[in-house]
Every structure is written in structure tokens, then in C-alpha cells.
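Written out below as C-alpha cells is the structure these notes cover.
The values are calculated or read from the model by the stated rules, or taken from the named source; none is laboratory data. Computed from a predicted model, the values in this text were never measured in an experiment. Neighbour counts are summed over all protein chains in view; Cβ atoms, including those assigned to glycine, are modelled from backbone coordinates with ideal geometry.
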Amino acid sequence: MKRLLFVLSIAVTTVAHAEIVERTLDNGMRVIIKTDRRAPVAVSQVWYRAGSTDEFNGSTGVAHVLEHMMFKGTHEVPAGEFSRRIAAAGGRENAFTSRDHTAYFQTLQKDRLELALKLEADRMANLNLSADEFAKEIQVVMEERRLRTEDNPQARLYEGLMATVFQAHPYRRPIIGWMDDLKNMHVDDARDWYQRWYAPNNATLVVAGDVDPARVLAWAEQYFGPISARDLPQRKPQNEPEQNGVRQVVVKAPAKLPVIALAWHAPRLLDPETDSDPYALEILAGVLDGHASARLNQSLVREQQLATEASAGYDGVSRGPALFMVDATPAEGHTVAAVEAALKQEIARIVRDGVGEQELARVKAQVLASQVYQQDSLFYQAMLIGEWTTAGLDYRARDTRFRKLKEVTPEQVREVAAKYLVDDHLTVARLDPQPMDTKPARRGFGGRHDF
Amino acid sequence: MISDRILVFLTTLALAPTALAGLDIQHWSTPQGARVYFVENHELPMLDVSVDFAAGSARDPRAKSGLASLTRQLMSLGAGKYEERDIAEKMADVGANLGGRFDADRAGFQVRTLSGKVEREQAIDVLGAILATPRFDAGILTREKARVIAGLQESETRPDYLGAKAFQAAIYGDHPYALNEGGEVATVAKIDRDDLRAFHRDHYRARNMSIAVMGDISRAEAEALAEKLASGLPPGEAPAPIPPVKPVEQGKRQVIPHHATQSHLFMGLPGLLREDPDYFPLYVGNYVLGGGGFDSRLTKAIRDKKGLAYSVYSYFMPMRELGPFQIGLQTRREATDDAVASARAELERYLQEGPTEAELTQAKNNIVGGFPMRIDSNRKILEYLAVIGFYRLPLDWLDTYTPQVEAVSRDDILRAFRARLRPEAMDTVIVGGQLESPPK
């Protein structure tokens with residue numbers, strides 16, 4: 001989680017043969033269908049507007065645990081059977097949980113899409129959530145946390161950074177949950193979560209591929225239509241109070257190389273038509289880190305040789321507050337303090353001197369191209385629609401967004417750097433590498449097979 | 001977007017079957033002797049190109065392990081008229097992306113560009129310079145060596161890296177496949193500019209090159225593009241073969257101490273050739289053992305029933321010479337013995353009884369039914385073209401895939417698995433190891 005993805009690639013789709021059909025079912029479920037006939041394939045994604053940001057202290061990680069439990073059986077479809085049936089149809093399936101949403105997806109031959117819709121509708125309403133299955137699956141989730149976070153120094157740094165950047169907003173909590181919360185989680189926590197959020201009026205179905213929209217709408221009506229809407233819990237904004245002064249956090253973990261990460265509070269995209277700063281921040285990230293010769297790599301890694309890696313990122317599409325982040329790994333013989341100073345100097349240089357027209361044109365050329373490239377992935381096209389929709393944005397505004405990115409001026413880039421990348425709104429996180437403790441395990445080295 | 005329910009499976013056998021008509025692979029050689037594989041498709045205004053050379057880590061001298069990787073890396077950091085800085089800028093100016101590929105067999109580059117004449121010609125011009133006239137600037141070499149060494153040192157703190165490396169060394173012994181792809185701290189330190197130049201001269205030759213092209217250009221344009229890429233290279237000769245892998249007689253077990261909260265298991269042996277008479281029985285059979293995600297016996301036994309692991313898998317990786325078969329998992333330290341014994345028991349049971357008819361049917365249904373998704377994008381098709389080209393697989397390899405999967409029987413699987421996977425020959429590496437209570 002050290003790197004933020006550079007998200008300029010979320011641009012518009014203008015492929016001539018693509019069309020989008022949308023309908024809201026009577027129970028409030030949104031259905032969005034994008035036809036793309038390049039291959040005889042269909043993607044189904046069900047997006048729930050419930051992620052770790054909706055959790056409470058003491059049961060962090062429950063959104064993700066429920067995601068795991070969604071494969072553990074309904075009244076009609078026993079545990080494991082969902083995956084088996086999709087696999088038998090040649091399908092691929094998985095799910096992911098983020099801060100803002102939980103999504104479930106299948107990719108199938110186009111004539112097998114109905115199976116996915118039928119199974120998804122079933123588990124939206126009829127999940128078993130048995131205590132036995134929960135007891136095993138929570139162990140799996142703890143293994144996942146060990147693998148992704150406990151034994152990963154960069155992930156622990158990111159966790160520490162988020163917990164410092166945000167004091168009030170729930171983005172301070174890790175998506176996978178704190179280990180102690182996982183250890184103390186009860187099946188009733190999962191049941192409660194399911195009851196709160198797994199309702200058609202909190203879900204969006206996105207289908208993309210070589211499909212007949214009328215047919216898909218009919219299936220959606222048939223399978224999801226009978227599920228009743230429920231009152232959703234009130235969502236509190238939990239706005240982060242303004243930060244007044246730099247914050248610091250140090251994470252010690254066994255590692256070889258230190259890492260320095262800087263995060264500033266930044267605006268997110270609220271109105272794609274009238275906003276301008278989020279677009280300028282995206283371009284700024286591209287100026288710093290859009291390609292191998294962009295400013296951070298060129299200056300810190302190649303010319304000054306202070307760092308072995310340096311990157312920048314900004315993602316303005318989210319339900320909660322956004323951040324602008326840069327990070328770097330100091331090269332041998334250079335301190336994190338020197339690298340931090342160099343990172344800040346690159347930003348100061350933009351604030352002082354601005355950015356060049358050619359530099360800006362280069363970033364925009366990449367945006368333009370990414371608009372074409374993203375059409376190569378059906379899954380990604382569906383993903384963009386789902387992300388925008390769950391973030392509360394109109395996916396159709398992605399066309400607007402592309403136009404707005406092209407309109408960003410050098411002066412706007414300079415202005416957002418000056419306005420947002422200020423020390424009072426900064427959190428600095430350092431990974432302080434510790435020597436490896438390699439106490440031998442019980443059996444020590446060597447030996448032949450003893451199985 | 002952080003927590004997938006399961007790690008992406010190792011789909012290293014992922015060359016696909018066919019049901020789709022219309023993957024019309026055109027093949028020819030340039031006058032310089034480079035082999036070209038082309039699929040013409042005008043649906044999107046974009047073009048993907050990859051070039052591969054038999055210049056992977058299996059070509060490294062042992063004392064300078066890491067040379068092949070460093071050569072490939074330096075090639076794109078200054079070439080011909082392009083300064084280091086120019087390369088990324090010229091690509092970015094036209095919205096093109098430059099990528100790379102490196103393993104024991106292959107070293108290569110990939111370019112994705114818009115297909116307009118101006119854009120693609122600029123991108124291909126830069127790629128041509130990278131291939132033919134890399135500068136290997138001394139100052140850049142010094143800097144990149146320091147970066148590679150820092151990366152290796154960081155990796156050496158990671159249990160997954162340590163385990164994979166020890167496993168590779170154990171199963172391959174003195175074969176070049178034992179060499180770490182990125183080299184070692186001590187061997188990278190010894191590499192100099194002359195080494196890079198010599199490695200480049202000896203390996204980056206037209207007759208050692210395969211070119212894959214996918215997308216929005218005509219045959220004539222593809223021919224011109226391929227010739228431009230090949231024309232800067234000397235024809236050279238086809239590369240010397242990689243020596244065969246000697247079978248392991250008696251596997252060993254190592255436990256590598258580590259502070260991590262999980263133990264990591266690596267168990268297996270050299271198992272599969274890229275062109276292997278048992279390719280399909282082993283691939284289909286492995287779906288049932290540990291390749292088929294939630295359908296696999298390893299996942300059912302160790303993850304679903306016992307809750308011992310998030311990720312547990314087995315795979316065969318086909319390579320020019322015998323590529324690895326490996327079983328892997330990660331589990332909390334205090335469950336190490338239980339998980340390792342369970343994995344071993346599942347393997348032995350599978351070698352005894354093979355798949356059931358129901359399991360075999362499920363495997364075939366998934367592999368055959370999933371075929372269209374394997375070639376549903378330009379990027380995926382490019383990857384298949386590159387493999388077919390590099391390994392000189394038959395052009396109809398994709399067309400014959402489905403019938404070959406369908407033809408596999410339980411007996412084929414049992415015979416092939418018993419012949420390849422002798423348990424006593426397997427090496428086992430455990431990073432971490434059994435503890436009575438969790439580490440702090």
C-alpha cells in the first residue's frame with residue numbers, strides 16, 4: 001500500500017459502439033449496463049455502498065469479513081457452492097472491499113450471465129452466516145492480515161500514516177481491520193453488518209460486455225426485483241477537523257530500507273462540472289510522477305541520487321476526504337531528513353516557478369491515450385462506473401472530467417500546489433528499519449524429509 | 001481497493017484454449033531473421049508490440065549473476081540519440097507506455113501506443129534505439145547497480161523472497177535456473193560496462209528475437225514496423241540451448257529462521273517443459289490439486305476446512321527446460337506443522353487416487369468454458385502471441401487447446417502425476433517454522 005495508484009487513467013470512454021443503459025428498480029437498486037461487443041464475454045459487478053468507512057470502533061474489518069462470508073452459503077446454495085457453480089460455467093469471480101464500498105464480480109461467457117445475476121440476488125437476501133463457517137473464516141481473514149500487513153513493513157507504515165492523518169474521520173482505520181478487533185469479532189457483528197447494508201437500495205449492478213440490455217434489465221427485475229428495500233442507517237459525515245500543524249509518525253519494523261511518506265489533506269471531486277482543483281491536483285501528480293522522467297524520479301533518483309524510488313499520487317474519487325501523497329526510499333548513505341527536504345523542494349520549485357507548457361502537454365497526452373487504453377479492459381470499464389457511482393458521482397460526468405483535465409493551465413497547477421501542499425496540513429510518516437530478529441525455530445536448520 | 005478475497009492465483013499455465021474463431025495469427029520472418037507474430041485488429045485505435053530475446057537469467061555467468069537483468073534495465077536508460085531523460089519523455093509525449101519482461105528464459109520490452117502514424121512511429125523509433133544502440137552510460141550503471149543492490153537487500157528481509165530463492169536453489173542445484181533473476185548483492189557489484197556491452201552484443205540479435213504485434217495496423221505496416229526493429233541488430237545466430245535439468249534424486253528440507261508472524265512453505269521439484277507431452281494432463285490435473293482456486297483440494301482442505309491459510313496453491317510453470325512444480329502456503333507460526341502436513345497429505349492422497357470423475361469434469365468445464373476470457377483484450381492476446389513466438393509453439397496451438405483439455409482422462413493424470421511428482425524427490429523450504437505460541 002506504499003504506492004498510490006496514479007489515477008489519471010480514469011478518463012472517459014468514447015468508443016463509438018459503446019452504449020450505456022440505466023434503470024432504477026422499484027426497490028431502489030440501480031442497474032447500469034454498458035454494451036461492448038469486442039468479445040463474447042460479460043462482466044457482472046454488484047457494488048454495495050458500504051465499506052470500512054461505515055464501520056464502528058471495536059468491529060473494524062467487519063465489511064471485509066462479511067465479504068468473505070458472502071461465499072459461505074445461503075438457504076438454497078450451500079457453502080462453497082457459489083464459487084463451484086461459477087467455475088463450472090467457466091467463470092472467474094472474486095470480490096473486493098475498500099474504504100467506500102464492497103463489490104462482487106464475475107466474468108463469464110456472455111450466454112452465462114444469468115447464472116451470476118441469479119446467484120448474486122440470492123446472497124443479497126438469503127445469506128446463512130452460520131457460526132461454524134464464521135469461526136473458520138475469521139481465521140482465514142487473520143491470516144490475510146498477517147500476510148498483507150503484519151509482515152509487511154510498508155503496509156504498516158501506511159496504516160500508521162492513515163491513523164495519524166485522520167483523527168476524526170473513519171478513514172483512519174485499516175480496511176482489513178485492527179488485529180485485535182478481528183480476534184474479538186463475533187458472528188453477530190457480521191450479521192448486523194449484513195442487516196444494515198445489504199439491501200437493494202444500497203446496491204448498484206453494473207454489467208458490461210456483449211449483452212442485450214433489455215434482456216439484462218429483465219433478469220435484474222426477475223432476480224433482484226423481489227427483494228424488498230429497507231431503511232438504511234443514517235450516515236454521519238464525520239468530517240475531519242482542519243489540521244493546524246504538521247504531524248509526525250514513526251513506524252519501526254524489521255526491514256532494510258527506510259521509507260518517507262508525506263500526505264496532505266486535499267479536496268475530493270464533488271461536482272465534476274464546476275470543480276477545478278481536483279483536476280489540477282491530478283495533473284500535478286502527473287507532473288511529479290507521470291512517467292520515468294517526471295520530476296520526482298528525474299530529480300531525486302537520477303540527478304541527485306538521494307533516493308532509490310520516489311512517487312506521487314492523488315485520487316479525488318471517493319466518498320470521504322482525499323489526500324495528496326508523495327513518498328520515497330532514501331538511497332544508501334542518505335537520511336530520511338535529506339530526502340524529505342528534497343521532496344519538499346520539488347514542490348517548492350513548482351510553487352515558485354510553475355510548470356512548463358511542454359511538461360503539461362506531456363501529462364495531458366498520457367491522459368488522452370489512457371482514455372483509449374482503458375477500453376481494452378471490459379472489467380475496468382465496469383469498475384469505473386461502479387467507483388464513480390458509489391462515490392456519489394454521476395459516471396456520465398467522466399466525459400466532463402476529461403474535458404476539464406485538458407483545460408488545466410500551468411497557473412492552476414502552481415496554485416493548487418501552493419494552496420494545499422502546506423506544512424500545516426501535512427503528515428510525515430517514516431519507516432524506521434529495525435534489524436531482523438532471526439531466533440531459530442524449534443527444529444532449526446536442515447534435516448531430511450520427515451513427513 | 002485493498003482486500004481481495006483471495007490472492008490472484010498463479011496462472012502460469014495460462015496459455016488458453018480456443019472456442020473463438022478469429023484469432024488469425026500471421027507469421028513471417030524479417031530479412032534479418034527475426035520472427036514476427038501478428039494479429040490485426042482495428043476495433044480500438046491502439047497498438048501493442050512486444051519483443052523478446054533468449055536473454056534471461058539462465059544466460060547469466062554464475063559469478064556475475066544479475067547481468068542479464070541489468071543489461072535489459074540499462075538498455076532503456078539512454079540509447080542512440082536519446083538521452084536517458086528523452087526516452088520516457090518521447091514515449092509520454094505521444095501517450096505511449098514502455099514496459100518490460102524478464103525471467104529465466106526471456107528478456108524483452110513491450111510498447112503500448114496509439115495507432116496513429118505519428119504516435120506509433122515515434123514510440124517504435126525509441127524502442128528501436130533501445131534494442132540496437134543502448135549507451136550503457138557508466139554513471140547510470142553505477143547508480144542503477146546501487147538501486148538494484150538496495151532492492152536485493154530489502155528483499156532479503158522478506159520471507160516470501162527468501163523462501164522462493166532457497167527453493168529455486170535447492171531444486172536446480174548447479175543448473176542455471178538456480179540463479180536468482182535479479183542476481184546477488186556480491187555478483188551485481190562486480191558487473192561492469194564491458195559486461196553489459198558483451199552481453200548485449202551476444203544476445204540482442206535478430207535471429208534471437210521474436211516480435212509480437214497486436215492491434216490497429218495493416219499487414220504492410222506491421223512488416224515495416226518489424227523490420228525497423230530488427231534492422232538495427234546484427235543477424236547473429238540462434239542462441240545455444242539451455243542444458244537439461246538433472247532430476248533431483250532425494251529432496252531436502254530446510255527451515256530458514258525468520259521473525260515473521262507467518263511461516264511460508266515452498267515444496268516441489270522441476271516439473272514441466274514448455275513443450276511437454278504431459279502438458280495437458282499436468283495442467284488439468286493441477287487444477288484439481290491446487291490450481292483451481294476454490295475448486296482445488298488444497299484450498300478446500302487447508303483454507304475452507306481448517307482456516308489455516310489465506311492463500312494455498314500449487315502450480316506448474318512451463319519453461320524451456322523443466323520449470324518448477326510448487327506447492328505453497330502461508331500460515332501462522334504455531335500452525336506450521338499442521339498446515340505443512342496437511343498439504344503433504346493432500347498431495348500424497350492425490351498421487352494415490354487421482355481426481356474423481358466429478359472433479360475432472362469440473363476442471364474441464366472451467367478451463368474450456370473460461371476460454372473466451374483469456375483472449376478478450378488486446379493485452380491478453382499480445383501475451384499469447386509472445387509466448388507462441390518465443391517458444392516457437394505451433395501457430396494453431398490455441399486452436400487445438402480445447403480438444404486437448406477435453407481428451408485428458410483420470411488415468412492420464414494419475415500416470416503423469418506419478419511420473420513427475422515423486423514425493424521423495426521434493427525439496428521443502430519453510431521460512432519461519434513451528435512455534436508453540438505466536439511471535440510477539
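A few points about this structure:
- Taking segment B:231-257 as the range and being of a type in the set (Val, Ile, Thr) and within 14 Å of chain A (Cβ to nearest Cβ) as the test, the residues that pass are B:248, B:255, B:256.
- Of the criteria (1) facing chain B (nearest Cβ under 9 Å); (2) surrounded by 20 or more Cβ atoms within 10 Å (Cβ to Cβ); (3) of a type outside the set (A, V, I, L, M, F, W, C); (4) touching a strand residue (DSSP E or B) at 6+ places or on another chain (Cβ under 6 Å), which one residue A:98 fails: (4)
- Test: residue in segment B:72-84 that is free of Cβ contacts under 8 Å to residues at least 40 places away in the same chain, charged (D, E, K, R) and under 25 Å from residue B:235 (Cβ atoms): yes
- Qualifying positions in segment B:394-433 - over 20 Å from residue B:277 (Cβ atoms), touching a helix residue (DSSP H, G or I) at 6+ places or on another chain (Cβ under 7 Å) and at pLDDT 95 or above: B:427, B:429, B:430, B:431, B:432, B:433
- Sole residue being out of contact with any Phe, Trp or Tyr (no Cβ under 8 Å at 6 or more places or on another chain) and within 12 Å of another protein chain (Cβ to nearest Cβ), chosen from A:348, A:280, A:253, A:342: A:253
- Residues of segment A:149-201 classified as outside any helix (DSSP H, G or I), more than 10 Å from chain B (Cβ to nearest Cβ) and aliphatic (A, V, I, L, M), total: 3
- Filter pass, residue B:279 being out of contact with any Asp or Glu (no Cβ under 9 Å at 6 or more places or on another chain) and surrounded by fewer than 24 Cβ atoms within 10 Å (Cβ to Cβ): yes
- Among the candidates A:146, A:112, residue that is part of a helix (DSSP H, G or I), closer than 30 Å to residue B:154 by Cβ, of a type outside the set (Asp, Glu) and within 12 Å of chain B (Cβ to nearest Cβ): A:146
- Flag if residue B:355 is over 22 Å from the mean Cα position of the chain (by Cα) and more than 14 Å from chain A (Cβ to nearest Cβ): yes
- Residue match in segment B:376-385 (condition: assigned to a helix (DSSP H, G or I), under 26 Å from residue A:112 (Cα atoms), within 14 Å of chain A (Cβ to nearest Cβ) and among the small types (Gly, Ala, Ser)): no
- Flag if residue A:82 is in a helix (DSSP H, G or I), in contact with a His (Cβ under 9 Å, 6 or more places away or on another chain) and either surrounded by 22 or more Cβ atoms within 10 Å (Cβ to Cβ) or in contact (Cβ under 8 Å) with a residue 60 or more places away in the chain (or both): no
- The conditions of being closer than 20 Å to residue A:387 by Cβ and buried (at least 20 other Cβ atoms within 10 Å of the Cβ) are met by residue A:203.
- Elements of type helices (runs of 4 or more DSSP H) contained in segment A:281-399, each with 2 or more residues being within 24 Å of the chain's Cα centre (by Cα) and farther than 29 Å from residue B:153 by Cβ: A:357-373, A:378-390
- Tally, over segment B:339-369, of residues that are without any contact (Cβ under 8 Å) to a residue 40 or more places away in the chain and either surrounded by 15 or more Cβ atoms within 10 Å (Cβ to Cβ) or touching a Pro at 6+ places or on another chain (Cβ under 7 Å) (or both): 2
- Residue match in segment B:276-287 (condition: in contact (Cβ under 8 Å) with a residue 60 or more places away in the chain, within 12 Å of chain A (Cβ to nearest Cβ) and either closer than 23 Å to residue B:365 by Cα or in contact with a Leu (Cβ under 8 Å, 6 or more places away or on another chain) (or both)): yes
- Filter pass, residue B:33 being in a loop (DSSP other than H, G, I, E, B), modelled with pLDDT of 95 or more and surrounded by fewer than 23 Cβ atoms within 10 Å (Cβ to Cβ): yes
- In segment A:285-297, the count of residues that are more than 13 Å from chain B (Cβ to nearest Cβ), surrounded by fewer than 23 Cβ atoms within 10 Å (Cβ to Cβ), free of Cβ contacts under 8 Å to residues at least 12 places away in the same chain and not β-branched (Val, Ile, Thr) is zero.
- Exactly one residue out of A:74, A:53 is without any contact (Cβ under 8 Å) to a residue 60 or more places away in the chain and either more than 9 Å from every other protein chain (Cβ to nearest Cβ) or crowded, with 22+ Cβ neighbours inside 10 Å (or both), and it is A:74.
- Looking at B:137, B:125, B:160, just one residue is under 22 Å from the mean Cα position of the chain (by Cα) and acidic (Asp, Glu), and that residue is B:160.
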